Amino acid sequence: MLFIVFLSFILFNFRIASKISNKNFDEILLTGFTFQSLSIICSGYLLSAIKLWDNAYCWSILPFFVSYTCYLFFRNVIHLPEQIHSSSFKLIGSSIQQLHEIYKQQRKTEKTLFAFIFFGAAIITISQLFLLFYLPPNEWDSMTGHLNRILYFVQNHSTAHFVGTNWNIDTYPKSFSSIQFYPFLMSGFNEHFFKLPNLSAFWILFVGSYAALKQLQIPFKVRLLSASLLIFTPILLIQSTTTDTDIVLGAYLVCGLYYLIRFTKTKEVYYIYISNLMFAIAMSHKITFVFALPSLAVLISYACLINKEHINLKHLKHAILSSILFLFVSMPTGYIANIIHYGHPIGPNTATKHQSIERAGNFSNLVLHGSKNVARYFFDLINFDGLRNIQWVENYQEVVNQQFRNLDSFFNWGLETSTAFTIVPFSYTRKFEFYNGTPIYGSIFLLIIIPAIIILLVKKRPTFYYFFFLAFLLHFGALAYTAAYDPWKGRYMISSLVFLLPISSLFFKPFVAKNKYSLVLVVYLIIIASAFSTILFHSRSAFVSTHHLPTIWGKSRMELLTVSRPDITNAYTRFDEIVPQDATVALATINDDYEYPLWGNRFTRTLIPINPFEQGLQPIPKEATYLFFSKSVIKPVSTDIRLGTDTTIKEHIIVRGEDYYLRKLK
């Protein structure tokens, strides 16, 4: 019954969206996504405040009310633009018919190209759906933070400030917790539905990018080729089947960007409000959205510049009013709580000094080492990520890497030897765990983006291309200068790619104009092969083995949950066999320990962390029936059960597991 309510809620939001944007099918999808995200986030705030965050009955009713209230606000207060009424089904039908007619008129090479793109996308979709329902969540941050804290919030009936073992449990923004929890709750605590927001965001990124390119008046075939790059981008493919958060931030960004571009075309006040609304949702999602603010400022300035004759005080008034109004969306997510408890919107000093600009020290150090990070992240992009899972490609990549290493040595850059502003030291020979676990753009950057940038710079183009290129540079620079280098942070470049897509269209335009697609076909075949390789060989969801790593076939749930930490699998399996599903377990663990698997496959155990972040070891609560602990936290006694770790595993282990013990208390 709850799942029917869940599906009804999704359809309800798209129905509302059709009343607002029903002359434009892609805008219906983006608006429905926006309203759905807003209503879930606001419902989460309200239910948390009254300690009913985990109540299924409230979640079955409140989001509908919030969505409809939002619709009434736009209809009666903002005054929607005049609409040409047409049903969504007619729009879908006409779009399919139009595509079919265009396809029939194509030449043989052109048909082959789009056929490969279509069938490639179909195989990607089937793979995503299979991994959604076959593979449990097993991404590192989710095992220690994102999903783990959702279960603590369920246990506490609220998302209120809660100090867990890992610092991100109580300091990360909490709006996405509601987004992830809603499908999980409405599916009857089915953990596979934790991944649904990421899969949705993957396709919203595609639709939003296509819609934005359409508003920029880029020709149909060109914008289809450019937007389709997103379907085959390695980092997007990885995040579409996990529970990481950056792909959702990218979806929020592309929606807000579409509304901003749409405003430049229509001058409607409605688009000012809904773009600011989406940017507020993005800010409520993750603090790294601030990386995009300088880029957005540039694009907003451009929008004002080209529309200076049509923009008046009314637009300025609504821009200021909407910005203030939607602070109420972003601030309750946890930033205020962080200021109250830690004196900083991000969190404790340990976190800010480790991951933020403060690690650089003084301004001169920031300029020097931030500039080195620009070079480091750029060289991370000069990789055939995805294809590198194939050994002969990796051999070729190492030849290329050596040339860059020689340049580094000749100019004395010190990119590998200097570690002053790095979390993980940079290496031209990017470790398998990084190019396999967090690939970035791969062949798309080498074969499409770099040539497109060269085309942009050698010949005068329409002005908006240069503003998007500047927006990309600012976002890329923000990543390099505002935090220490970390190869895992290639995932932040999902948002950078949003600004690059309009530029990528410059690569395709000459071929489409001349109706010559042979080279485009070859390039796309490489890109599609890279995408397939990314999915097939990814270590956390491997269909096929690479580098002697196991596949996902024939594995137990615990083996799949701990696939990136195989040295702890046996210890966690023994814990799950010994401890009853309804037990209350005190946890004396450390920041890097996985806690999500300890809840059990029915999520009925009660977990109480007694070594909270930076607060030291606390007394074991009286209600606890078991104690699970790391030897580094509590010294074991002779009656404790040693669960242990496998110390024989040496390869592909980023952080070693602790020596784990279990103590029966009652």
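List of remarks:
- Values of log10 I(q)/I(0), in the order q = 0.09 Å⁻¹, for the chain under a Debye, Cα-only, solvent-free model: -0.79
- Spin-label pair residue 293/residue 556, simplified geometry with 7 Å Cα→Cβ offset, distance in nm: 4.9
- On Cα atoms only, tilt of 88-104 relative to the major axis of the chain in degrees: 70
- Applied to region 523-538, the Karplus parametrisation 6.51 cos²θ - 1.76 cosθ + 1.60 on θ = phi - 60° returns per-residue 3J(HN,Hα) values of 4, 5, 5, 5, 5, 5, 4, 4, 5, 4, 4, 4, 6, 5, 10, 4 Hz, with x for Gly and Pro.
- Cα gyration tensor, region 260-360 - rounded (a/c under 1.5), prolate or oblate: prolate
- 5 angstrom amide H check on residue 643, placed H, neighbours 5+ away: 660, 661, 662
- Multiplying the residue separation of residue 217 and residue 631 by 0.36 nm and removing their Cα-Cα distance gives an extension gain of 142.8 nm.
- Helical mean residue ellipticity (222 nm; -39500 (n - 2.57) per DSSP H run of 4+; nearest 500) of the chain: -19000 deg cm²/dmol
- Between the Cα long axis of helix 246-266 and the first principal axis of the chain there is an angle of about 30°, rounded to the nearest 10.
- Just the protein heavy atoms count here, and of the accessible area of the chain at 1.4 Å, carbon and sulfur take up 65 percent.
- Given R0 = 25 Å, the distance between the Cβ atoms of residue 371 and residue 304 translates into a calculated FRET efficiency of 0.20.
- Once the chain from residue 545 to residue 473 is taken as fully extended at 0.36 nm per residue, the excess over their C-alpha distance is 22.2 nm.
- Put simply, when 550-563, 409-422, 169-182 are sorted by average Cβ atoms within 10 angstrom per residue, most first, you get 169-182, 550-563, 409-422.
- What the chain shows is 40 Å² of accessible area per residue, with the surface traced by a 1.4 Å probe over protein heavy atoms.
- Residue by residue, region 431-437 carries 3J(HN,Hα) couplings of 4, 3, 4, 8, 6, 8, x Hz when phi is fed to the Karplus relation 6.51 cos²θ - 1.76 cosθ + 1.60 (θ = phi - 60°); x denotes Gly or Pro.
- Scanning residues 5 or more positions from residue 588 or on other chains, those with amide H under 5 Å from its amide H are 610, 628, 629, 630, with H placed 1.01 Å from N in the peptide plane.
- Taking all protein chains together and a 1.4 Å probe, the residues 65, 162, 184 rank 65, 162, 184 from largest to smallest accessible area.
- Angle in degrees between helix 56-72 and the longest Cα principal axis of the chain, rounded to the nearest 10: 20
- Phi angles across region 267-283 convert, under the Karplus curve 6.51 cos²θ - 1.76 cosθ + 1.60 with θ = phi - 60°, into 3J(HN,Hα) values of 6, 7, 4, 3, 6, 5, 5, 6, 5, 5, 4, 5, 5, 5, 4, 4, 5 Hz, Gly and Pro given as x.
- Solvent-accessible surface ranking, highest first, for 54, 385 at 1.4 angstrom: 54, 385
- Checking the cross-link pairs 622/664; 221/267; 214/459; 267/509; 214/265; 489/555 against a 21 Å limit on the alpha carbon distance flags 221/267; 214/459; 267/509; 489/555 as lying beyond it.
- Built amide H within the under 5 Å cut-off of residue 422, gap 5+: 485
- Simple spin-label estimate for residue 639 and residue 455 in nanometres, 7 Å along Cα-Cβ: 7.4
The values are calculated or read from the model by the stated rules, or taken from the named source; none is laboratory data. Given the structure is predicted, the values throughout are model-derived calculations rather than measurements. Using ideal geometry, Cβ is built from the backbone for each residue, glycine included, and neighbour counts are taken over all protein chains shown. Heads up: the accessible areas ignore ligands, DNA and RNA and are worked out on the full protein's heavy atoms, side chains in. Shrake-Rupley method; radii C 1.70, N 1.55, O 1.52, S 1.80 Å.
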